[in-house]
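A short write-up of the structure that comes next.
The values are calculated or read from the model by the stated rules, or taken from the named source; none is laboratory data. None of the values given here were measured: they were computed from a predicted structure. Cβ atoms come from the backbone with ideal geometry, glycine included; neighbour counts cover every protein chain shown.
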Amino acid sequence: MYDMKVGRRHPGESQTSFSPIPTNLQDVGRVMKICKIKDCNTQYHAKGYCNKHYMRFWKYSDPLYTKTEIHGMSHIPEYIIWNSMLARCIRKNNTSYHRYGGRGIAVCDLWLKSFKSFYEDMGPKPFPKAQIDRRDNDLGYSLDNCHWVTRIENIRKAPCTKLTIEKAKEIKELYKKGDFLQKELAKKYGVSCSTICSIVNSKIWKI
Ligand SMILES: [Zn+2]
């Protein structure tokens, strides 16, 4: 007999039947019956798991299931890129917010709601150090305006702000009045026709 708590042999036991004191938690788990999930250390319930992990295993066939990991992709680099893109555009306490969300750079609805949509649209990074770039620096994050680039390409493209949100509002007003064609507005403001199109349709700026 081996006394788990104090690691003491009972009187009369021979030296050879002595079990060593478990040196790591997995060994403790085998003896004390705790959950086999690393660092869980909760009391055993069934099939090697604690109650929480067993229930997840039973419901989702994955003891480590959590809601945010439903797509099983939260560890991939594209997810990190997606997450920091959201942070820049919607979290006011983000250090870059003033250069993004703060000046009207938005994330399209699809991408805002779902990483899966973002990943389906953009695909995996074509090379390891790829960064997401907005073709038109004054427009937000959407399939139309985004592509993967190298870091160098991203740096070379100095942020020159052609349009402010005020100018975008102006453009929309002018277009609404019917005085200008989109093509003419593009020329007048020195931006592309697709930029004008996105502005008048409130695709990027919610104005
Ligand atoms: Zn557990």
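Are any residues in region 62-83 surrounded by 14 or more Cβ atoms within 10 Å (Cβ to Cβ) and either more than 30 Å from Asn51 (Cα to Cα) or modelled with pLDDT of 80 or more (or both), and if so, which ones?
Pro63, Ile76, Glu78, Tyr79, Ile81, Trp82
Please determine, by comparing only the residues of region 89-111 that are touching a residue at least 24 places away in the same chain (Cβ under 8 Å) and crowded, with 16+ Cβ neighbours inside 10 Å, which one is nearest to Gly72 (Cα to Cα).
Ranking the candidates gives Trp111 first.
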